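Q: Take a look at this one; I'll ask things after.
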Amino acid sequence: MFKLIDKYKSVLRFILTFVGSYFVLALLYNLYLTYGASTTYYPDIITHTVAKQSESIINVLGYNMKVVPSKVEAAMNLTINNKVLARVVEGCNAVSVMLLFASFMLAFFDGWKRTLLFILGGVALIYAMNVTRIALLTIGIYEYPEYTELLHGTIFPAVIYGTVFLLWLGWIRSYKKQPKT
């Protein structure tokens, strides 16, 4: 049994680090969700900010977009011409995707500076891609309502998860084991 563990030590370390770091980060995020609710930045500051930044992108693209808090659920409604087209709920803020990304990066640790810089850069890219994704999704729903399910259920999730996958591939390709002395 110990020979087997020793043989697959690096795989076990990867799995335990990935699962352990995701568990800790998810626990911290759940604490944030429990205690981070806000009346000023409804429903929470991250979701609120994602909705407002999506609104800004949509307005820059020439649409009359308004973001208003939902009266029915913990969400921000994205409206064009007083028609609710989409809603940004906690799951739309991409934090869970960022936690998954960071956990993977920590499992492929390659020194504090390099790993943390890649995590910060990756999280910033995922965040920007997500805000852009929500903006383009809302415009797509407005312009092509018959494709709402395809856009929301297939194309735009592929964009955000595809971005994470490409970041992971880039990291793995650049990952180098330091020679043991």
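Q: Would you mind finding the one in 115, 132 that is part of a helix (DSSP H, G or I) and open to solvent by 30 Å² or more (accessible area, probe 1.4 Å)?
A: 132
Q: Can you tell me which residues in region 65-90 are open to solvent by 20 Å² or more (accessible area, probe 1.4 Å) and out of contact with any helix residue (DSSP H, G or I) (no Cβ under 9 Å at 6 or more places or on another chain)?
A: Scanning region 65-90 gives 68, 71, 72, 73, 82, 84.
Q: Please go through (1) over 20 Å from the mean Cα position of the chain (by Cα); (2) open to solvent by 50 Å² or more (accessible area, probe 1.4 Å) for residue 28 and return the number of the only condition it doesn't satisfy.
A: (1)
Q: To continue, here is another question. Name the residue that is farthest from residue 100 (Cα to Cα), counting only residues in region 16-46 that are in contact with a strand residue (DSSP E or B) (Cβ under 9 Å, 6 or more places away or on another chain) and aromatic (Phe, Trp, Tyr).
A: Just the residues of region 16-46 that are in contact with a strand residue (DSSP E or B) (Cβ under 9 Å, 6 or more places away or on another chain), to begin with: 32-33, 36-38, 42-44.
Checking which are aromatic (Phe, Trp, Tyr) leaves us with 32, 42.
Details: 32: 17, 42: 25 Å.
Step by step, filter region 16-46, then rank; the result is 42.
Q: Of the residues 67, 60, only one is under 19 Å from residue 131 (Cβ atoms) and in contact with a Lys or Arg (Cβ under 7 Å, 6 or more places away or on another chain); which?
A: Selected residue: 67, the only one of 67, 60 that is under 19 Å from residue 131 (Cβ atoms) and in contact with a Lys or Arg (Cβ under 7 Å, 6 or more places away or on another chain).
Q: Cβ contacts < 7 Å: first residue assigned to a loop (DSSP other than H, G, I, E, B), restricted to region 78-97; second residue open to solvent by less than 20 Å² (accessible area, probe 1.4 Å), any location; separation 6+ or different chain. Result?
A: From region 78-97, the pairs are 94/126; 94/130; 94/160.
Q: Looking at region 135-181 only, could you name the residues that are over 25 Å from residue 59 (Cα atoms), among the aromatic types (Phe, Trp, Tyr) and assigned to a loop (DSSP other than H, G, I, E, B)?
A: 175
Q: So, one more: Is it the case, given these coordinates, that residue 148 is over 20 Å from the mean Cα position of the chain (by Cα), without any contact (Cβ under 8 Å) to a residue 40 or more places away in the chain and more than 21 Å from residue 15 (Cβ to Cβ)?
A: Taking the combined requirement at face value, the residue satisfies it.
Q: Identify the single condition in (1) open to solvent by less than 50 Å² (accessible area, probe 1.4 Å); (2) out of contact with any Ser or Thr (no Cβ under 9 Å at 6 or more places or on another chain) that residue 20 does not satisfy, given that it satisfies every other one.
A: (2)
Q: Working only within region 51-64, note down all residues that are in a loop (DSSP other than H, G, I, E, B) and either under 18 Å from the mean Cα position of the chain (by Cα) or surrounded by fewer than 15 Cβ atoms within 10 Å (Cβ to Cβ) (or both).
A: 61, 62, 64
The values are calculated or read from the model by the stated rules, or taken from the named source; none is laboratory data. Since this is a predicted model, take the numbers as computed values, not measurements. All Cβ positions, even for glycine, are placed from backbone atoms using ideal geometry, and neighbour counts span all protein chains on display. Accessible surface is based on the protein model in full, side chains and every heavy atom, while ligands, DNA and RNA are left aside. Shrake-Rupley method; radii C 1.70, N 1.55, O 1.52, S 1.80 Å.
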